[in-house]
Amino acid sequence: MAIFQKVETRTAPSSTKGFSYWIKYNLFSTPLNAALTLLGIAILFWIIPPFIKWAYINADFQGSTREDCNSGGACWVFIRMKIDMFMYGFYPSVERWRVNTIYGLFFILMGSFKFLKSPWIKVILMHVYFIAGFILVRGDMFGLEYVPTDKWGGLMLTILVAAVGIVSAFPIGVILALGRQSNLPIIKSVSVTYIEFIRGVPLITILFMSSIILPLFFPEGVTFDKLLRALIGIAMFEAAYIAENIRGGLQSIPKGQYEAADAIGFSYWQKMFLIILPQALKVAIPNLVGVSIALFQDTTLVLIIGLFDLLAMVRLSAADSYWLGYETEGYVFVTFIFWIFCYSMSNFSQKLEKRFNTNLR
Amino acid sequence: MKENKEIIEIKNLNKWYGDFHVLKDINLTVKRGEIIVVCGPSGSGKSTLIRCINRLEEFQEGSISVDGIELVDDIKKIKAIREEVAMVFQHFNLFPHLTILDNLTLAPIWVKKMPRKEANAMAMKYLERVNIAEQANKYPNQLSGGQQQRVAIARSLCKNPKIMLFDEPTSALDPEMVAEVLDVMIELAKEDKTMVCVTHEMGFAKKVADRIIFMDAGQIVEENTPENFFKNPESDRLKLFLEQILSH
């Protein structure tokens, strides 16, 4: 019939590459697209310059009293004066180095994770970190002064509630997710009932229940720390959501993986922990980080049971009669802090996904 | 050194999926070192049959014993059988989150409690045998289908199994890759391993099989030597089957 010559590969035409091409085809490809681009730029012009003017150009940074705020812009003096309250709540000022040490240890821990290979050592180190952190912040041991939990507050409390909530909810979530997939009817129905019950109740209700109703069941004289009760409530709540996200991951694992693990002679737990969960968790990373971000924001709800997290401290400070009228600065500050944390988590999630991606060619 | 001793004994095996009768009165004995090829139209129950041997499928009636171990609902016995029986799947079923080397060493390390160094050395030995040692540190998705299947064969060899089950090992492969996998299987067949292969590769069957089993509609219709299987098929169903597959 016919024989065809080999065609040499060549690069794409230069008119379809580069910056101006990108602008033309992404921002101004159609009249509607062009109009939307212009509208978007207009909105940005309308919002950003006044904000910069308020937050930076006309703002007051120096000074220590209300009278120093006289340029008409934001009064960041308020934040500066109250920053210790925002960060540590009512934690005694001479003991705040303990909280800072925990922050420092966190970065050392993260740094060491880069060099450690064994996942077991990582898990053990993390437990050591949490226990050491708890002893440091609470005191009453090794000659450290006792700081009761009602003195804990501000960002420190927000981080503590979120971190302890996520870390303790995670193993429960894994167990619940496996339970829901179980072939044993009792384990399955217990897991399903728990997950569906918790998911049907708002977090506020669970916090109320754990702080008000739970103590009614204890014998008189037995008291449970308020923070601990809130943490238990949050961990129970989060566990249900984490379980559902992990279940989503589990369902994405092909049947062949289970069969291959069975055929190799693995026990149920070997199969789950070596083959299925590593893959399922990888799939679930975006959702799990989503839950973590949501929880970080939900920690603000502990306010209603009398715990003073970052937002509560800002509200409290803005209600200070001397600094009355500076709520806006306070809320902008809170927004910024929350954004930093949530954005970092989101970035971390993308890094994790990349790191565990083994589908690259 | 082929002993005349049965390693797999299947007696009156019956299996239903709900009300659907998939396996009907299967009787089959396989001797140590024997190579059996099972073929037949799709839906005839051939995959289901070999999946019963390592208990990936349960059955309702009859009995299977593997190397003297009766296959019953006892986790320990199932585990004992699975340690002696390895399976190669149609879709390879490698573990995508682990490197090739880790795919191979996982079972020796966790099931046989072998030290990692020893397991690595053994894994490399088998990877060399399937001509793929240079890929040891890649991930399964970086390999071609043929390469993945050869890794899967090496993985099952790492258990040092007495019996190898092959469940249509070449039917998910590009035509160009079938040969490399069949070559590995032919090499294996020269050794003393017992092999049960579900496959449509008739050339392979002719070359290495000791016996060929033909199944249709959940039954064993005919069992024959490779020579007679193709030249003098006895049943009409097999004659029709051979006509269909050999007419092209």
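The values are calculated or read from the model by the stated rules, or taken from the named source; none is laboratory data. Predicted, not measured: the structure shown is a model, and the values here were computed from it. Note: ideal-geometry Cβ built from the backbone for every residue, glycine included; neighbour counts use all protein chains shown. Just so you know, the surface numbers come from the protein's heavy atoms only, side chains and all, with ligands and any DNA or RNA stripped out. Shrake-Rupley method; radii C 1.70, N 1.55, O 1.52, S 1.80 Å.
Odds and ends about this structure:
- Residues satisfying the stated conditions in region B:203-223, i.e. open to solvent by less than 20 Å² (accessible area, probe 1.4 Å) and either of a type in the set (Asp, Glu) or closer than 25 Å to B:Lys24 by Cα (or both): B:Ala205, B:Ala209, B:Ile212, B:Ile213, B:Phe214, B:Met215, B:Gly218, B:Glu222
- When region B:32-58 is filtered for residues that are open to solvent by 10 Å² or more (accessible area, probe 1.4 Å) and within 14 Å of chain A (Cβ to nearest Cβ), the ones remaining, listed by number, are B:Ser47, B:Thr48, B:Arg51, B:Arg55, B:Leu56, B:Glu57, B:Glu58.
- In region A:225-252, the residues that are over 20 Å from A:Ala163 (Cα atoms) and surrounded by fewer than 18 Cβ atoms within 10 Å (Cβ to Cβ): A:Gly248, A:Gln251, A:Ser252
- Residue tally, condition in contact with a helix residue (DSSP H, G or I) (Cβ under 6 Å, 6 or more places away or on another chain) and open to solvent by 20 Å² or more (accessible area, probe 1.4 Å), over region A:149-169: 4
- The single condition among (1) at pLDDT below 90; (2) surrounded by 11 or more Cβ atoms within 10 Å (Cβ to Cβ) that A:Pro13 does not satisfy is (2).
- Scanning region A:228-256 for residues that are away from every other protein chain (no Cβ under 14 Å), among the β-branched types (Val, Ile, Thr) and under 25 Å from B:Asn93 (Cβ atoms) turns up just one, A:Ile246.
- Filtered residues of region B:11-50 (kept if among the β-branched types (Val, Ile, Thr) and under 16 Å from the mean Cα position of the chain (by Cα)): B:Thr29, B:Val30, B:Ile35, B:Ile36, B:Val37, B:Val38, B:Thr48, B:Ile50
- Residue in region A:257-274 that is farthest from the other protein chains (Cβ to nearest Cβ), counting only those that are open to solvent by less than 20 Å² (accessible area, probe 1.4 Å) and in a helix (DSSP H, G or I): A:Met272
- When A:Leu281, A:Leu277 are screened for being within 14 Å of another protein chain (Cβ to nearest Cβ), under 22 Å from B:Phe89 (Cβ atoms), in contact (Cβ under 8 Å) with a residue 12 or more places away in the chain and in a helix (DSSP H, G or I), only A:Leu277 passes.
- Count - residues of region B:67-91 that are modelled with pLDDT of 90 or more and not small (Gly, Ala, Ser): 6
- When the residues of region A:284-324 are filtered to those that are surrounded by fewer than 17 Cβ atoms within 10 Å (Cβ to Cβ) and closer than 22 Å to A:Ser252 by Cβ, the one that is nearest to the other protein chains (Cβ to nearest Cβ) is A:Pro286.
- Evaluation of B:Glu61 against (1) surrounded by fewer than 19 Cβ atoms within 10 Å (Cβ to Cβ); (2) facing chain A (nearest Cβ under 10 Å); (3) touching a residue at least 40 places away in the same chain (Cβ under 8 Å) (one fails), failing number: (2)
- Of the residues making up region B:161-192, those that are under 11 Å from the mean Cα position of the chain (by Cα) and part of a loop (DSSP other than H, G, I, E, B) are B:Glu168, B:Pro169.
- Region A:67-153 holds helices (runs of 4 or more DSSP H) entirely within its bounds, and those carrying 1 or more residues that are touching a residue at least 60 places away in the same chain (Cβ under 8 Å) map to A:76-88.
- Residues that are among the aromatic types (Phe, Trp, Tyr) and outside any helix (DSSP H, G or I) within region A:39-66 comprise just one, A:Phe61.
- Evaluation of B:Gln148 against the conditions (1) away from every other protein chain (no Cβ under 14 Å); (2) outside any loop (DSSP other than H, G, I, E, B) shows that the sole unmet condition is (1).
- Restricting A:Ser252, A:Ser292 to those that are closer than 30 Å to A:Thr149 by Cβ, of a type outside the set (A, V, I, L, M) and modelled with pLDDT of 90 or more reduces the list to A:Ser292.
- Number of positions in region B:171-196 that are crowded, with 19+ Cβ neighbours inside 10 Å and farther than 23 Å from B:Glu128 by Cβ: 2
- Criterion (assigned to a helix (DSSP H, G or I) and either open to solvent by 60 Å² or more (accessible area, probe 1.4 Å) or touching a residue at least 60 places away in the same chain (Cβ under 8 Å) (or both)) met by exactly one of A:Val222, A:Val190: A:Val190
- Counting only helices (runs of 4 or more DSSP H) that sit wholly inside region B:72-133, those with at least 2 residues that are away from chain A (no Cβ under 12 Å) are B:116-129.
- Single unsatisfied condition, A:Thr358 versus (1) open to solvent by less than 20 Å² (accessible area, probe 1.4 Å); (2) more than 14 Å from every other protein chain (Cβ to nearest Cβ); (3) not in a helix (DSSP H, G or I): (2)
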